[in-house]
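In what follows, a structure is listed as structure tokens, so that the remarks can point back to it.
The values are calculated or read from the model by the stated rules, or taken from the named source; none is laboratory data. In this text, all values refer to a predicted model and were calculated from it rather than measured experimentally. When we count neighbours, we look across all protein chains shown, and the Cβ atoms used for this are built from the backbone with ideal geometry, even at glycine.
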Amino acid sequence: MEIVEFRETETLGEQAARLLFEGFKTHWPASWPDMDAARAEVQECLAPEYIALAALSEEGALLGWIGGRPEYDGHVWELHPLVVAPAMQGRGIGRALEAQVAERGALTLYLGTDDEDFMTSLGGVDLYDRPLERIAAIRNLRGHPFEFYQKLGFIITGVMPDANGPGKPDILMAKRVKITNI
């Protein structure tokens, strides 16, 4: 496996869009509901302020890719998206891609994982009422991906109430990628 800067070619761009669409359609179909939405996401991640890295097989096939945008003078990077081909998951490709961001000076990765479909106990409620208590007691009601991200080492650091409309929060998660002396 080789990790390279994602430079769009027609083939690689289409592979990246297909990977996003296929990778999320079963569990989180609202993320990229069709190939046009996935293609638009690929284009957004190729903007100059983002980085996009691709994991390629020896034959040049796309195994996974990551998009990221530096924030806070490069100490924190927003991770959006990270996707690995289903047949290649669990082999460290996502971690290898994350390591590349750490090598660029990141201390922390963060992401937002929306609850637009009331898949957690944070959806469909007024999060301005006791937000910290509600976050501490979060329950996964219908397969929301926050637990997947927790398995990758992310923790819930907060929420943005009503980010996607009334009762539809964005759950904010972060992960330390470089140990420092505090």
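If the condition is being crowded, with 17+ Cβ neighbours inside 10 Å, in contact with a Leu (Cβ under 7 Å, 6 or more places away or on another chain) and either of a type outside the set (Ser, Thr, Tyr) or assigned to a loop (DSSP other than H, G, I, E, B) (or both), then region 113-132 contributes ASP115, MET119. Check region 45-61 and report whether any residue there is polar (S, T, N, Q) and either without any contact (Cβ under 8 Å) to a residue 12 or more places away in the chain or closer than 26 Å to GLU10 by Cβ (or both). Yes: region 45-61 contains one or more residues that are polar (S, T, N, Q) and either without any contact (Cβ under 8 Å) to a residue 12 or more places away in the chain or closer than 26 Å to GLU10 by Cβ (or both).
Part of a loop (DSSP other than H, G, I, E, B), at pLDDT below 85, under 30 Å from ASP117 (Cβ atoms) and of a type outside the set (S, T, N, Q): which single residue out of GLY105, GLY90 fits that description?
GLY90
Residues that are part of a loop (DSSP other than H, G, I, E, B) and surrounded by 13 or more Cβ atoms within 10 Å (Cβ to Cβ) within region 36-52 comprise LEU46, TYR50, listed in sequence order. Scanning region 74-84 for residues being surrounded by fewer than 20 Cβ atoms within 10 Å (Cβ to Cβ) and either under 11 Å from the mean Cα position of the chain (by Cα) or under 13 Å from LEU62 (Cβ atoms) (or both) gives a total of 2. Scanning region 123-162 for residues being modelled with pLDDT of 95 or more, of a type in the set (Lys, Arg) and within 25 Å of PHE24 (Cβ to Cβ) gives a total of 1.
Scanning region 100-119 for residues that are farther than 25 Å from SER31 by Cα and aliphatic (A, V, I, L, M) yields ALA102, ALA106, LEU107.
State whether the residues of region 107-114 include one that is more than 30 Å from GLY165 (Cα to Cα) and of a type outside the set (A, V, I, L, M).
Looking through region 107-114, none of the residues is more than 30 Å from GLY165 (Cα to Cα) and of a type outside the set (A, V, I, L, M).
For region 133-151, the tally of residues that are free of Cβ contacts under 8 Å to residues at least 60 places away in the same chain and part of a loop (DSSP other than H, G, I, E, B) stands at 6. Counting the residues of region 152-182 that are farther than 18 Å from ALA137 by Cα, in a loop (DSSP other than H, G, I, E, B), touching a residue at least 12 places away in the same chain (Cβ under 8 Å) and over 16 Å from the mean Cα position of the chain (by Cα) gives 4. Given the criteria touching a residue at least 12 places away in the same chain (Cβ under 8 Å), in contact with an Asp or Glu (Cβ under 9 Å, 6 or more places away or on another chain), buried (at least 16 other Cβ atoms within 10 Å of the Cβ) and not acidic (Asp, Glu), does ILE66 qualify? Yes, satisfied. Within the set of pairs 6+ apart or on separate chains, which have a first residue in region 110-132 that is under 19 Å from LYS175 (Cβ atoms), a second that is surrounded by fewer than 17 Cβ atoms within 10 Å (Cβ to Cβ) and of a type in the set (Gly, Ala, Ser), and C-beta atoms under 8 Å apart? Close Cβ pairs (under 8 Å, with a partner that is surrounded by fewer than 17 Cβ atoms within 10 Å (Cβ to Cβ) and of a type in the set (Gly, Ala, Ser)) amount to GLY112/ALA163; ASP114/ALA30; ASP114/ALA163.
Consider ALA55 against the criteria (1) closer than 29 Å to MET119 by Cα; (2) hydrophobic (A, V, I, L, M, F, W, C); (3) crowded, with 21+ Cβ neighbours inside 10 Å: it satisfies all of them except one. Which criterion is unmet? Condition (1) is where ALA55 drops out.
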